[in-house]
Amino acid sequence: MFFLCGALWVFSSQEDKYSYSIPSREDEDEISNESSITVLEWNDAKEATKIKHLKHMHNLMLSASVGGYENSCDGCMLPISDPFYYCSECEFFLHKACAELLRMKRVWHHTFCKQPHILISDEVFRCEMCFHITNGFAYKCSECQSRTCLRCVIALTPGARTCLKHEHPLRFYRQYEGKCNACSLYSWQAFCCKDCNFVLDVGCFSLPITAQHKCDEHLLSLTHHDDNNYSESHYCDICEKSRDPNSWFYHCAICDTSAHVGCVLGKYPFLKLKSIYKKRSSTPTHHCEEEVLLS
């Protein structure tokens, strides 16, 4: 799966009250461990090669291919990568890890509700953690109806992790105020390094490490440093405006193409094509609703 941070390093300590902790729940055992998939066929290696997923009408097949792909996972909305399932009847893809998620689970950072979260799909919503608008898979609180996208659920899952763009382990802070190393913007909750001053906000933590754009025929790689010292080269090849050399950007080493993260991913990077998003805005005198069609 093409996460910026393929893993998340989490410590749990009493003295660090703002970092990660797992809330204890007396009713934890009452949550159903029911899988989202039904296995229809196995291979000799005991891999599920044909499945029926709760959120798709057709059967899904385990891909035997290895290599680069142009499609995105319909679960996390990140570029597809091995291993993954695909539908032979329509364009539907799921990372194996996304397909195997449970129907219901506890989302540890959502501590103010007692009810479990339920796996949903095809709802356009704003994630409560990264604030991206998406209609991929998500976990929805059955009590307050808030939704967390699959990228944040996976990124914030407890476990030993490392960041692909940093040598030291990171830990998540619920209450942190400081500047993100990737976008140079201030954040109020972030992944921080205890060994140095490296900080990533939640949105930048789960950026795709590769992305496609019509400005270049090759995949663009997320880059965290600019080796070119000439100020004339610090511009975006998409919008043709200046680019902060201290902020992360997407780059093609073959063509020497460089572009802002926002220019490459667009305004709605995690909405499926042909989706209709009802954009609401309000003023003191009236409310309006605008439909945005992604083509």
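The values are calculated or read from the model by the stated rules, or taken from the named source; none is laboratory data. What you are looking at is a predicted structure, and each value in this text was computed from that prediction instead of being measured. All Cβ positions, even for glycine, are placed from backbone atoms using ideal geometry, and neighbour counts span all protein chains on display. Remember, those area values only see protein heavy atoms, side chains included, never the ligands or the DNA or RNA. Shrake-Rupley method; radii C 1.70, N 1.55, O 1.52, S 1.80 Å.
From the list Phe92, Phe125, exactly one residue is hydrophobic (A, V, I, L, M, F, W, C), buried (at least 17 other Cβ atoms within 10 Å of the Cβ), out of contact with any His (no Cβ under 8 Å at 6 or more places or on another chain) and without any contact (Cβ under 8 Å) to a residue 40 or more places away in the chain. Which is it? Within the list Phe92, Phe125, the selection yields Phe125. Residue count for segment 166-216 under the criterion of being under 17 Å from Leu265 (Cβ atoms) and outside any loop (DSSP other than H, G, I, E, B): the result is 9. Residues that are modelled with pLDDT under 80 and polar (S, T, N, Q) within segment 127-180 comprise Thr157, Thr162, Gln175, listed in sequence order. Sort out which residues of segment 107-119 are in a strand (DSSP E or B) and either farther than 22 Å from Tyr268 by Cα or open to solvent by 20 Å² or more (accessible area, probe 1.4 Å) (or both), and write them in order of number. His117, Ile118 - these are the residues of segment 107-119 that are in a strand (DSSP E or B) and either farther than 22 Å from Tyr268 by Cα or open to solvent by 20 Å² or more (accessible area, probe 1.4 Å) (or both). If you go through segment 36-56 and keep only what is open to solvent by less than 40 Å² (accessible area, probe 1.4 Å) and under 27 Å from Glu123 (Cβ atoms), you end up with Ser36, Ile37, Ala48, Ile51, His53, His56. Screening Thr257 with (1) modelled with pLDDT of 85 or more; (2) closer than 27 Å to Asn135 by Cα gives one miss only, at (2).
Look at Asp74 and say whether it is assigned to a loop (DSSP other than H, G, I, E, B) and buried (at least 18 other Cβ atoms within 10 Å of the Cβ). It is true that Asp74 is assigned to a loop (DSSP other than H, G, I, E, B) and buried (at least 18 other Cβ atoms within 10 Å of the Cβ).
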